[in-house]
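The values are calculated or read from the model by the stated rules, or taken from the named source; none is laboratory data. In this text the structure is predicted, and so the values were computed from the model without any measurement. With ideal geometry, Cβ positions are generated from the backbone for all residues, glycine too; neighbour counts draw on all protein chains shown. For the accessible areas, the whole protein counts, side chains as well, though only heavy atoms, and no ligand, DNA or RNA atoms are used. Shrake-Rupley method; radii C 1.70, N 1.55, O 1.52, S 1.80 Å.
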Amino acid sequence: MSVSITVGAYGVAFGAAAVANGFTVVQACLLSLLTFSGASQFAVVGVIGAGGSAISAIATASLLGVRNALYGVIMAPHLKVKGLKRVVAAQITIDESTGVALGQEPRGIDAMRKGFWYTGIGVFVFWNLFTLAGALGAQAMGDVRAFGLDSAVPAAFLGLIWPRLTGNFERALAVGCALFAIAMTPILPAGLPIIATAFIAIAVGLKR
Amino acid sequence: MTVQIMTTLWIATLGTSLIAFLLKYSGHSVPERWLSHPKVQRINALIPIALLSALVAVQSFSEKSQLVIDQRVVGLSVAIVALLLKAPFPIVVLSAAISSAAVYNWL
């Protein structure tokens with residue numbers, strides 16, 4: 001239940017963010033239906049909103065989507081699905097479904113599978129309904145700044161990363177990348193200051 | 001110009017969706033050892049932190065390719081305070097929006 005409410009709130013924030021950054025309601029809904037991965041979706045609208053090209057938006061979102069491939073690797077041996085069922089399982093392989101499934105591990109394989117499918121499908125339904133609501137709401141607003149939507153978007157991003165800032169190392173990386181992106185904004189073409197920080201993460205990850 | 005922007009949005013929407021699915025599907029289909037290397041795992045944990053922090057910064061302090069300081073700084077500061085106070089996500093976003101809108105409308 002608390003998962004649903006949180007997902008709903010993120011969905012509204014995403015739908016509103018997409019429209020505030022120039023996407024249509026249909027495009028916002030397609031992103032939620034087809035991409036169905038919160039961080040990637042926020043990244044696409046964020047990079048485009050900052051004036052970035054389609055390529056840099058896709059690249060940024062895809063780097064964030066690599067996470068889901070790793071979840072697939074973890075889930076595949078437990079799910080053992082083929083054909084169309086594997087296609088559906090892949091689409092709902094996200095943070096929440098994988099997290100719940102792994103949480104059920106001590107209770108056996110059936111509980112894991114149940115957790116994965118129920119959570120994945122439940123989040124899918126909520127996420128898409130609330131995306132539509134957020135997109136329609138933002139569309140009705142007109143000047144999004146008068147409603148504070150220009151600040152709601154970065155606040156939503158911040159809410160996404162906050163739980164990941166578990167130690168001093170992660171916090172330093174976050175602050176460093178934020179400062180780097182600001183410093184590069186007047187110099188590099190739009191979108192590149194953001195994606196360049198992925199290389200900082202890779203360099204730091206290789207060295208550590 | 002408008003046609004160009006619409007095309008950019010569609011390419012971004014559909015391109016992201018296609019790659020997102022291929023990534024998810026590949027995880028279910030490639031041999032486990034390809035992706036379970038500890039370095040891959042570690043880098044994968046760091047990439048969202050880097051990209052999303054950069055996004056927060058750019059979305060808060062830029063207007064196209066110019067750096068600006070406006071009502072969004074207030075919204076961001078309020079969001080940080082809310083997160084430090086362990087407020088739930090909807091409160092974080094709402095308090096940021098309300099404070100930013102207040103500055104934009106009344107100052």
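Number of residues in the range A:129-181 that are over 20 Å from B:A45 (Cα atoms) and of a type in the set (D, E, K, R): the value is 3.
Have a look at A:A90, A:A69, A:A135, A:A57 and point out the one that is within 9 Å of another protein chain (Cβ to nearest Cβ), open to solvent by less than 10 Å² (accessible area, probe 1.4 Å) and over 30 Å from A:R171 (Cβ atoms). Unique residue meeting the criteria: A:A90. If only residues of the range A:139-167 that are over 19 Å from B:A57 (Cβ atoms) and more than 7 Å from chain B (Cβ to nearest Cβ) are counted, the one that is surrounded by the most Cβ atoms within 10 Å (Cβ to Cβ) is A:V144. The set of residues in the range B:66-93 that are over 17 Å from the mean Cα position of the chain (by Cα) and open to solvent by 60 Å² or more (accessible area, probe 1.4 Å) comprises B:Q66, B:L67, B:I69, B:V81, B:L84, B:L85, B:K86, B:P88, B:I91.
Scoring B:S17 on the criteria (1) closer than 27 Å to A:G176 by Cβ; (2) open to solvent by less than 40 Å² (accessible area, probe 1.4 Å); (3) of a type in the set (G, A, S) leaves a single failure, condition (1). If I filter the range A:182-195 for residues that are facing chain B (nearest Cβ under 8 Å) and modelled with pLDDT of 95 or more, do I get at least one hit? There is at least one residue in the range A:182-195 that is facing chain B (nearest Cβ under 8 Å) and modelled with pLDDT of 95 or more. Residues that are outside any helix (DSSP H, G or I) and either of a type in the set (S, T, Y) or within 27 Å of A:F14 (Cα to Cα) (or both) within the range A:85-126 comprise A:I92, A:T93, A:I94, listed in sequence order.
Search the range A:174-186 for residues that are over 12 Å from A:I200 (Cα atoms) and pair each with any residue that is in a loop (DSSP other than H, G, I, E, B) when their beta-carbon atoms are under 8 Å apart and the residues are at least 6 apart or on different chains. Taking only residues 6 or more apart or on different chains, the pairs are A:T185/B:S65; A:P186/B:S65.
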